[in-house]
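Asks: Pasting a structure here, questions to come.
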Amino acid sequence: MCGDVATVVNRQGAWYVEKIETRKGILERTSPVGKRQVLAANIDLVVIVASIASPPLRRGFVDRALASAEWNRLPAALVFNKIDLRETTEAADLTVLEKVYGKQAGYTVVQTSTVTGEGINSFKNLIDGKTVALAGISAAGKTSLIQAIHPDLNLRIGSVNAKTTKGKHTTVSARLIPLGNETFLMDTPGLRAFSVDHIPKEELGYCFTEFEGAGRCRFRNCLHETEPGCAVLEAVENGTIDKERHLSYLKLLHEDNTF
């Protein structure tokens, strides 16, 4: 696993892994066959990279990745990339994204463009001195961001399929890239799906950070659906919690976790 810390021994000129240390700071998902799949280990921060256009923003993916990070108590941040496309018709509204994920949910949000160079220094500051995993769908711009801060790497960069608007895979396995100054970037393969069925349904609400600020619900086991006296539903109604974020939560709550 990329990021594992291992003890190795040399026997007759060949190196063998003797022990893999206990993992900490892991990012995981539920695989398509229903097993927990670790995507990155021993990281200080996961940065979810999402393009605002080309390919279109998939907020559901962002919410799933954030929920997985929260469940593992892994610090997370967001990079909304390709902001040079913000005037196009398909572009997501950056003002809304800043409000929802920055102000309401409390995450660090960075806006970047590898075309114009906007936000690249902010991205550098975000990852400085840390071991960081980048996660996102194909063609969101993960590899381009790494290339932007370290042009000598000569990494292969993907593109978007014009018919499906989905990214083409270029990173086929996770790789750990040393950038100097105790900074390491883990470039993970683009993901088409991010299931979090490994998170118990009764704990899912704790993975949406803004729910905690809504106050105490009438019932301790409230699932924030239709229950009377639900503080989260009240916050959704008055706009302090984003409706689309709450819908993401409800969708995850009702997903079938049998395989």
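Table: residues versus (1) modelled with pLDDT of 95 or more; (2) part of a strand (DSSP E or B); (3) not β-branched (Val, Ile, Thr).
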| site | (1), (2), (3) |
| --- | --- |
| ASP152 | no, no, yes |
| ARG156 | no, no, yes |
| LYS163 | no, no, yes |
| HIS169 | no, no, yes |
| LEU176 | no, yes, yes |
| MET186 | no, yes, yes |
| PHE211 | yes, no, yes |
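Asks: Search segment 221-259 for residues being modelled with pLDDT under 95 and of a type in the set (D, E, K, R), and hand back the single one that is nearest to ALA77 (Cα to Cα).
Replies: This residue is GLU255.
Asks: Could you tell me whether segment 28-38 includes any residue that is buried (at least 20 other Cβ atoms within 10 Å of the Cβ), in the same structural domain as ALA148 (by TED's automatic domain parsing) and of a type in the set (A, V, I, L, M, F, W, C)?
Replies: no
Asks: Going through segment 7-61 one residue at a time, which ones are over 30 Å from THR114 (Cα atoms) and of a type in the set (Ser, Thr, Tyr)?
Replies: THR7, TYR16, THR22, THR30, SER31 - these are the residues of segment 7-61 that are over 30 Å from THR114 (Cα atoms) and of a type in the set (Ser, Thr, Tyr).
Asks: At negative phi and touching a Leu at 6+ places or on another chain (Cβ under 6 Å): is that true of ALA69 in this structure?
Replies: The answer is no for ALA69.
Asks: Of the residues that make up segment 114-124, is at least one among the β-branched types (Val, Ile, Thr), at pLDDT below 95, assigned by TED's automatic domain parsing to the domain that holds ALA69 and surrounded by fewer than 19 Cβ atoms within 10 Å (Cβ to Cβ)?
Replies: The answer is no; no qualifying residue exists.
Asks: Sticking with this one: I'd like to know if segment 201-209 contains one or more residues that are among the charged types (D, E, K, R) and closer than 30 Å to LEU153 by Cβ.
Replies: No, every residue in segment 201-209 fails to be among the charged types (D, E, K, R) and closer than 30 Å to LEU153 by Cβ.
Asks: hydroxyl-bearing (Ser, Thr, Tyr) and in contact with a Leu (Cβ under 9 Å, 6 or more places away or on another chain): which single residue out of THR240, THR209 fits that description?
Replies: Exactly one residue qualifies, and that residue is THR209.
Conditions (1) of a type in the set (D, E, K, R); (2) buried (at least 17 other Cβ atoms within 10 Å of the Cβ); (3) more than 13 Å from THR209 (Cα to Cα), marked per residue:
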position: VAL79; (1), (2), (3): no, yes, yes
position: ASP84; (1), (2), (3): yes, yes, yes
position: GLY102; (1), (2), (3): no, no, no
position: VAL109; (1), (2), (3): no, yes, yes
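Asks: Applying the selection to segment 199-229, what residues are among the charged types (D, E, K, R) and out of contact with any Lys or Arg (no Cβ under 9 Å at 6 or more places or on another chain)?
Replies: Answer for segment 199-229, where residues must be among the charged types (D, E, K, R) and out of contact with any Lys or Arg (no Cβ under 9 Å at 6 or more places or on another chain): LYS201, GLU202, GLU203, GLU212, ARG216, ARG218, ARG220, GLU225.
The values are calculated or read from the model by the stated rules, or taken from the named source; none is laboratory data. Please read these numbers as outputs of a predicted model, since none were measured by experiment. All Cβ positions, glycine included, derive from the backbone under ideal geometry; neighbour counts span all protein chains shown.
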